[in-house]
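Undergrad: Would you mind keeping the following structure in view while I ask a few things?
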Amino acid sequence: CLPAAKNLVLAGVKSVTLHDDDNVELWDLSSNFFLTEKDVGQNRAQTCVQKLQELNNAVIISTITGDLTKEQLSNFQVCEHAADL
């Protein structure tokens with residue numbers, strides 16, 4: 001999980017969607033403090049959900065683990081100003 005996801009969850013945004021279609025590899029452990037050796041081989045986004053949820057269970061956290069489609073992207077709200085968050 002990116003530090004940005006952690007910061008968004010801690011800030012208490014309404015929801016966060018993680019997108020990653022790759023699996024955890026051993027080298028990921030050196031750059032992602034949410035991952036452990038038992039996560040190797042699992043999808044990176046899915047392995048982070050529970051750990052992020054523990055930071056703030058009021059935030060809805062979901063994942064997309066395959067290719068992004070226009071339909072999926074159209075479901076997201078875009079905020080142009082930080083005050084909109």
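The values are calculated or read from the model by the stated rules, or taken from the named source; none is laboratory data. Fair warning: this is a prediction, and the values are worked out from it, not measured in the lab. Methodologically, a virtual Cβ is constructed for each residue, glycine included, from the backbone with ideal geometry; neighbour enumeration extends over all protein chains shown. The area values use the complete protein model at the heavy-atom level, side chains included, leaving out ligands, DNA and RNA. Shrake-Rupley method; radii C 1.70, N 1.55, O 1.52, S 1.80 Å.
Undergrad: Net charge near Asp22: determine it from the other residues with C-beta under 10 Å of the C-beta of Asp22, scoring Lys and Arg +1 and Asp and Glu -1.
TA: Working: positive: Arg44; negative: Asp20, Asp21, Glu25, Asp28.
Charge balance in the 10 Å sphere: -3.
Undergrad: In terms of the Cα gyration tensor, with a ≥ b ≥ c the square roots of its eigenvalues, is the stretch 34-73 rounded because a/c is under 1.5, prolate because a/b exceeds b/c, or oblate? Don't skip to the end; give the middle numbers.
TA: Values: a/c = 4.71, a/b = 1.24, b/c = 3.79.
Taking the square roots of the gyration eigenvalues as a ≥ b ≥ c, the stretch 34-73 is oblate.
Undergrad: A further question on this structure: Mind pulling the per residue volume of the convex hull built on the Cα atoms of the stretch 9-80? Å³ is fine.
TA: Values: hull volume 7.6 nm³, N = 72.
Spread over its residues, the Cα hull of the stretch 9-80 gives 105 Å³ apiece.
Undergrad: List the relative contact order of the chain as a percent without decimals, with contacts defined as Cα pairs under 8 Å and 6+ residues apart.
TA: Values: 106 pairs, mean separation 30.2, N = 85.
Computed over the chain, the figure is 36 percent.
Undergrad: While we're on this one: Of the heavy-atom accessible surface of the chain (probe 1.4 angstrom), what whole percent is carbon and sulfur? Mind dumping the intermediate values first?
TA: Details: 3120 of 6100 Å².
For the chain, the apolar C and S fraction of the accessible surface comes to 51 percent.
Undergrad: Using a cut-off of 14 Å between beta-carbons, work out the net charge of the residues near Ile64 (Lys and Arg +1, Asp and Glu -1, Ile64 not included). Walk me through the numbers on the way to the answer.
TA: Numbers: positive: Arg44, Lys70; negative: Asp20, Asp21, Asp22, Asp67, Glu71.
Taking every Cβ under 14 Å from that of Ile64, the sum is -3.
Undergrad: Excluding residues on the same chain fewer than 8 positions from Lys70, give the lysines whose Cα lies under 23 Å from its Cα.
TA: Qualifying lysines at Cα under 23 Å: Lys14.
Undergrad: Follow-up question, since we're still on this one. When the chain is fully extended, how far beyond the present Cα-Cα distance does Ser30 get from Leu68, taking 0.36 nm per residue of separation?
TA: On the way: separation 38, 0.36 × 38 = 13.68 nm, distance 2.69 nm.
Stretched out fully, the Ser30 to Leu68 stretch lengthens by 11.0 nm.
Undergrad: Summing Lys, Arg as +1 and Asp, Glu as -1, what charge do residues with Cβ under 15 Å from the Cβ of Asn43 carry, Asn43 excluded? Intermediate results must be reported in sequence, preceding the final value.
TA: Details: positive: Lys38, Arg44, Lys51; negative: Asp20, Asp21, Asp22, Glu25, Asp28, Asp39, Asp67.
Net local charge, Asn43 excluded: -4.
Undergrad: Report, to the nearest 10°, how far helix 44-55 tilts away from the longest principal axis of the Cα atoms in the chain, using its own Cα long axis and a range of 0 to 90°.
TA: 70
Undergrad: For the chain, with the dipole built from +1 on Lys and Arg beta-carbon atoms and -1 on Asp and Glu ones, taken about the Cα centre, which of Val40, Trp27, Pro3 lies farthest toward the positive end?
TA: Pro3
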